[in-house]
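Peer 1: Have a look at this one before I ask anything.
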Amino acid sequence: MNCDYDYLSFVLMDSMLFRDFCRLEPNQRPSRSSLHGLISLLTASTWERINNCQLMTAKDQGIEKGRTVAIDSTVTESDIKPPCDSDLLASSVKEICRLLERGQTLTATPLYEYTHHNRAVKDAARKCIYAGKEERHQHYKKLLVTIQH
């Protein structure tokens, strides 16, 4: 069953069968956040042991032979926006500046000089994102020129 923590919390409060299965006392009502915290404490090795135990039980009872395993990989929608070129360029410049800054601290006298273009690149990338189709090309050219200097 695929459900979120709010629904799981509701089901555990509503159903005596599920409460008994989870060995909850009659006055225990787990909240969404406590369920999330407890479930996230389970490590990958614990999940593996649980699955192996279930497989062995099914194998011993003759329900399953255990030669193949079917895995449910349900796809869920997320609110993550796909990156655009201007965002990727701005992130790259930010990371390069961070690495150059860190490199200067490796010796007493810095072996190179550079100029931070983070703010200019960030502004140009933002203009690319919010510009109309006609203007976007011009802003993108300006972004590339800023990066090259």
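Peer 1: So, in segment 71-82, of the ones that are open to solvent by 100 Å² or more (accessible area, probe 1.4 Å) and more than 30 Å from Ile129 (Cα to Cα), which residue ends up modelled with the highest pLDDT?
Peer 2: Across segment 71-82, the extreme among qualifying residues is Ile71.
Peer 1: Give all pairs with beta carbons closer than 7 Å in which a residue from segment 32-51 that is in contact (Cβ under 8 Å) with a residue 12 or more places away in the chain meets a residue that is open to solvent by 80 Å² or more (accessible area, probe 1.4 Å); count only pairs at least 6 apart in sequence or on separate chains.
Peer 2: Arg32/Asp6
Peer 1: Going through segment 114-126 one residue at a time, which ones are open to solvent by 100 Å² or more (accessible area, probe 1.4 Å) and within 17 Å of Pro83 (Cβ to Cβ)?
Peer 2: Selection gives Lys122, Arg126.
Peer 1: Residue check: is Ile129 free of Cβ contacts under 8 Å to residues at least 24 places away in the same chain, open to solvent by 50 Å² or more (accessible area, probe 1.4 Å), among the aliphatic types (A, V, I, L, M) and assigned to a helix (DSSP H, G or I)?
Peer 2: no
Peer 1: Sticking with this one: Collect the residues in segment 9-28 that are open to solvent by less than 60 Å² (accessible area, probe 1.4 Å) and either of a type in the set (Phe, Trp, Tyr) or in contact with a Phe, Trp or Tyr (Cβ under 7 Å, 6 or more places away or on another chain) (or both), keeping them in residue-number order.
Peer 2: The answer is Val11, Leu12.
Peer 1: From Leu111, Leu100, which residue is open to solvent by less than 100 Å² (accessible area, probe 1.4 Å), farther than 30 Å from Asp4 by Cβ and of a type in the set (A, V, I, L, M)?
Peer 2: Step by step, each of Leu111, Leu100 is checked, and only Leu100 is open to solvent by less than 100 Å² (accessible area, probe 1.4 Å), farther than 30 Å from Asp4 by Cβ and of a type in the set (A, V, I, L, M).
Peer 1: Which one is farthest from the chain's Cα centre (by Cα) among residues in segment 19-37 that are in a helix (DSSP H, G or I) and farther than 21 Å from Thr74 by Cβ?
Peer 2: By that ranking, first place goes to Asp20.
The values are calculated or read from the model by the stated rules, or taken from the named source; none is laboratory data. As the structure is a prediction and not an experimental result, all values here were calculated from the model. Neighbour counts run over all protein chains shown; Cβ positions are idealised from the backbone, glycine included. Protein only, heavy atoms only, side chains kept; ligands, DNA and RNA dropped before computing areas. Shrake-Rupley method; radii C 1.70, N 1.55, O 1.52, S 1.80 Å.
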